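Worksheet: the structure to be examined is printed underneath.
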Amino acid sequence: MTDAQPMIEAAGVIKNFRRKTDLAERIAMRVGLAQEPGTVHALDDVSLSIRRGEVVGLVGESGCGKSTFGRAVAGMLPLTGGVVRRNGQDIAKLKGAEARAMRLATQIIFQDPMSSLNPRKKVLEIIGEAPRLHGLVARGGVRNLVEGLMDQVGLDPAMINRYPHQFSGGQRQRIGIARALAVNPDFLICDESIAALDVSIQAQVINLLVRLRQDLSLTLLFISHDLSVVRYISDRVVIMYLGRVVESAPTDRVFAAARHPYTQALLEEIPRIDRRGHRFSSVKGEIPSPMNPPGGCHFHPRCPLAMDRCRVERPMLKQAGRDHAVACHLDGGFGRPKPTLFPTQSTLQAAESGLL
Amino acid sequence: MSEHLLEVRGLRTWFETPKGTVKAVDGVDLTLNRGEILGLVGESGSGKSITGFSLLGLVDPPGKVVEGDIRFQGEDLRAASARRQRALRGNRIAMIFQDPMMTLNPVLRIGTQMIETVQAHEKVSKSEARRRARDALGMVGIPHPEERIDAYPHEFSGGMRQRVAIAIALLHKPDLIIADEPTTALDVTIQSQILSEVQSLTRDLGMGLIWISHDLGVVGQLANKVAVMYAGRIVERGAVDDVLDRPRHPYTRGLLDSLPMENDRGQPLRQIPGNAPPPLNRPEGCPFRPRCARASEACLAEPAETGTAARAWRCFHPLEQTGVFA
Ligand SMILES: Nc1ncnc2c1ncn2[C@@H]1O[C@H](COP(=O)(O)OP(=O)(O)O)[C@@H](O)[C@H]1O
Ligand SMILES: Nc1ncnc2c1ncn2[C@@H]1O[C@H](COP(=O)(O)OP(=O)(O)O)[C@@H](O)[C@H]1O
Ligand code: SF4
Ligand code: SF4
Ligand SMILES: [Mg+2]
Ligand SMILES: [Mg+2]
């Protein structure tokens, strides 16, 4: 499956924002209790490649830059620094028809399908609009195309004339998926696409995504804060913390042999039904503000293994094994595995057969 | 009758709407003792929040508790006067919400708000109230409570705001706390810290805690008992180990099976087919029937609770103790 040229290549991507405020802060600002906001370092030198056909899971806590990264690789954001290449070409330099083709070939599916579906339009228009506007289908063929897509994502084509509010949450997410597929993308970015769905509906939508990936040879960037879902769906997992990638490895390897203390903490805190009476919380402290991140390794104030060096020097991503990169000063810059961190059936088998 | 901290029998809370009667809670039985954590789980719309509101007497019209018995330390809460209910709320029984800003006032220093809360129910001096507020903040793991007590809500992160809301709930050392998905919006490391605090506080203070959640993993790790809700009913309840390791109800089994962690990569996830029924259009008999692989003619009638006070389910064809759901 290794391809000389990655499909997506982000190199040294930097993105700064002026900080967003929440409701409590805006009220406080209005009555003069809070200051105007400053600069957020949402992506701080992020490099990451995605191979054709791969499913990459992007994990991290809120505010670490996952959505920003998704929008950056979709070409929806001007970058502060660095470059995103699609099939080797800098997407910021694409013009006209090439730029349009790139945008159509990359589709994002968001968390809340309701806010991205026009409530006044029927499913027929919602799904059929983009392919019609972009001349991917003749006017007379739209209905046919939409019925086919509805069937493909598990919606009854008889509902083609209904409005979004007449569907359940899971069905709306299927509408969102069908709309994305309507323009024949080869790269899908799922940004917390199943986070708002109930467990039993989540399973249905995950199964759908897995099937579509196979049937349509899609490449997926699967953004989620939920490691248990990411483990199930991804070939490779990338973990971010405060705007930086801290670890990246094939999925089984992350779960069996994570080397970064933050990854290890996340793995330990996944709520699991097979861990009764678990003593919670291996990581102390709060997630620091991306406006004023700690120096050196961003994780050092919360890291149980932090050393002096961690407070002043940023650890760079370093190869710690085949396809396994980690940014941690421990043990010569390769991080440190934590034994029996996450034994599952499949990782144990892989370990026994010498794959890890 | 032995006296439980909380005993709920046959609770029904309905909403009269122009389109019909929404039976949000339609047969809920629960028992909770001091020092115990009950996890109330179910998918959205199953009636978890309305159950919590019903226990506190906080259901707004057109909703109404139409039937059932709610006993708090033996006292009949449905028969209690509005004044008595208000006195119990925020004093003996407290509630924590998913959004801490439901509890916090954005333009008040948290200390000011907490002192007011203490003095609303008890005649104590301002300095004594402030001392209690500070202690409560320390108890929920807020660093430097002596300084932080003078901060405004916006000066706290989401996780810290939720801790403050929990501290406010603890101010009167309540006997019972009802927590409605308070960590659902928080990050996993922050959620974990709060669960850890809550677990030891419940034990140390001898409170009863009802933890509402859609996350079976959280409940499995936190609670002693679980109650699984579906379409307004508790379809299965019992000790955590019994319900999660040996579920009897097909819905519980289906939920557990569909968790990504319980599935092998490369195989399709085991999924429950279909959707939960809309509240105004529930099927006759067992509400899980259209999604259930074990359904038979018998399920056209409504299954009653079977089992004991400690372990019960509502199903005509329960799974064998050790059986695997095919
Ligand atoms: N349009 C924007 N304006 C200002 N700040 C933003 C904007 N988008 C994101 N941010 C900030 O950038 C950081 C990363 O955000 P985001 O990529 O959404 O994180 P995630 O998806 O991992 O939760 C956060 O601190 C967020 O508040
Ligand atoms: N004010 C209301 N009017 C009509 N129906 C309501 C009202 N509030 C809640 N419901 C209904 O009651 C049911 C249970 O709601 P809720 O307890 O909030 O579910 P959960 O907390 O499990 O997600 C839902 O079907 C909801 O639509
Ligand atoms: S670099 Fe230092 S502080 Fe950062 S994760 Fe590694 S040991 Fe911890
Ligand atoms: S009563 Fe019947 S339909 Fe309902 S859960 Fe049991 S077997 Fe299934
Ligand atoms: Mg995001
Ligand atoms: Mg609720």
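Here region B:284-299 and region A:70-84 have alpha carbon centers that stand 51 Å from each other. Between region A:101-133 and region B:110-169, the C-alpha centres lie 47 angstrom from each other. Could you state how much accessible area A:ARG19 has, in square angstrom rounded to the nearest 10, with a 1.4 Å probe and all protein chains kept in place? Solvent-accessible area, nearest 10 Å²: 60 Å². What does the C-alpha gyration tensor say about the overall shape of the protein assembly as shown? Classify as rounded when a/c is under 1.5, otherwise prolate if a/b is larger than b/c, or oblate. Since a/c reaches 1.5 but b/c is at least a/b, the shape of the protein assembly as shown is classed as oblate. Averaging the sequence gap over all C-alpha pairs within less than 8 Å and six or more residues apart, then dividing by the number of residues, gives chain A a relative contact order of 18 percent. What does the C-alpha gyration tensor say about the overall shape of region B:3-110? Classify as rounded when a/c is under 1.5, otherwise prolate if a/b is larger than b/c, or oblate. Rounded. Under the convention that each Lys and Arg Cβ holds +1 and each Asp and Glu Cβ holds -1, the size of the dipole of chain B around its Cα centre is about 580 debye. In chain A, taking the dipole from charged Cβ atoms about the Cα centre, the farthest positive-side position among A:ILE14, A:CYS303, A:LEU317 is held by A:ILE14. In a reduced charge model with +1 at each Lys and Arg Cβ and -1 at each Asp and Glu Cβ, region B:164-219 shows a dipole moment near 180 debye about its Cα centre. Take the Cα radius of gyration of region A:191-322 and divide it by 2.2 N^0.38 Å, N being the number of residues; the result is 1.19. Rounded to whole numbers, the Karplus 3J(HN,Hα) couplings from phi for region B:136-151 are 5, 5, x, 4, 8, x, 8, x, 6, x, 4, 8, 5, 4, 8, 8 Hz, using 6.51 cos²θ - 1.76 cosθ + 1.60 with θ = phi - 60°, and x at Gly and Pro. Backbone phi angles across region A:49-65, fed through the Karplus curve with coefficients 6.51, -1.76 and 1.60 (θ = phi - 60°), yield HN-Hα couplings of 10, 10, 7, 4, x, 7, 10, 9, x, 10, 10, x, 7, 4, x, 7, x Hz in residue order; Gly and Pro are listed as x. Highest GNM mean-square fluctuation among A:LEU266, A:LEU94, A:LEU117, for chain A modelled with Cα contacts below 10 Å: A:LEU94.
GNM remark for chain A: springs join alpha carbons under 10 Å apart, and the peak mean-square fluctuation among A:VAL229, A:VAL199, A:VAL183 falls on A:VAL199. Only helices enter the 222 nm calculation for chain B: every DSSP H run of n ≥ 4 contributes -39,500 (n - 2.57), and dividing by all residues gives -9000 deg cm²/dmol, rounded to 500.
Averaged over the residues of peptide B:243-256, the number of Cβ atoms from other protein chains lying within 10 Å of each residue's Cβ is 1.
Once you reduce region A:246-308 and region B:236-250 to the center of their Cα atoms, the two points are 32 Å from each other. Axis angle, to the nearest 10 degrees, between helix A:96-105 and the longest C-alpha principal axis of chain A: 80 degrees. Relative protection proxy for B:304-316, B:167-179, from highest mean packing down: B:167-179, B:304-316 (other beta-carbon atoms within 10 angstrom). Close amide H contacts of B:GLY208 (hydrogens built in the peptide plane, cut-off under 5 Å, sequence separation of 5 or more or a different chain): B:GLY35, B:LEU176, B:ILE177.
Averaging the sequence gap over all C-alpha pairs within less than 8 Å and six or more residues apart, then dividing by the number of residues, gives region A:153-274 a relative contact order of 18 percent. The mean sequence distance of close C-alpha pairs (under 8 Å, at least 6 residues apart), as a share of the length of region A:116-196, puts its relative contact order at 39 percent.
With a 10 Å cut-off around each Cβ of A:224-231, the average count of Cβ atoms from other chains is 3. The HN-Hα couplings worked out from phi for region A:247-256 by the Karplus form 6.51 cos²θ - 1.76 cosθ + 1.60 (θ = phi - 60°) are 7, 8, 6, x, 3, 4, 5, 4, 6, 9 Hz, whole numbers, x standing for Gly and Pro. Between B:SER296, B:PHE156, B:LEU170, the Cα set farthest toward the positive side of the dipole of the protein assembly as shown (charges on each charged residue's Cβ, about the Cα centre) is that of B:PHE156. Taking the longest Cα principal axis of chain A as reference, the axis of helix A:199-216 is set at about 70 degrees. The H on the amide N of B:VAL66, modeled in the peptide plane, is under 5 Å from the matching H of B:ARG12, B:THR13, B:TRP14, each at least 5 residues off or on a different chain. Taken residue by residue and averaged, Cβ atoms of other chains lying within 10 Å of the Cβ of B:271-282 number 3.
Identify, among A:GLY333, A:PHE222, A:SER248, the residue whose Cα sits farthest towards the positive end of the charge dipole of chain A, taking +1 on the Cβ of Lys and Arg and -1 on the Cβ of Asp and Glu, with the dipole about the Cα centre. Farthest along the dipole direction, towards plus: A:PHE222. In the elastic network of chain A, a GNM with C-alpha springs shorter than 10 Å, the most mobile of A:SER234, A:SER115, A:SER47 is A:SER115.
Evaluated with a Cβ-only charge set (Lys, Arg +1; Asp, Glu -1), region B:2-73 carries a dipole of roughly 140 debye about its Cα centre, given to the nearest 20. Rounded if a/c is under 1.5, else prolate if a/b beats b/c, else oblate: with a ≥ b ≥ c from the C-alpha gyration tensor eigenvalues square-rooted, which is chain A? The shape class here is prolate.
The values are calculated or read from the model by the stated rules, or taken from the named source; none is laboratory data. All values derive from a computational prediction rather than experimental measurement. All Cβ positions, even for glycine, are placed from backbone atoms using ideal geometry, and neighbour counts span all protein chains on display. These accessible areas exclude ligands, DNA and RNA; they are computed on the full protein's heavy atoms, side chains included. Shrake-Rupley method; radii C 1.70, N 1.55, O 1.52, S 1.80 Å.
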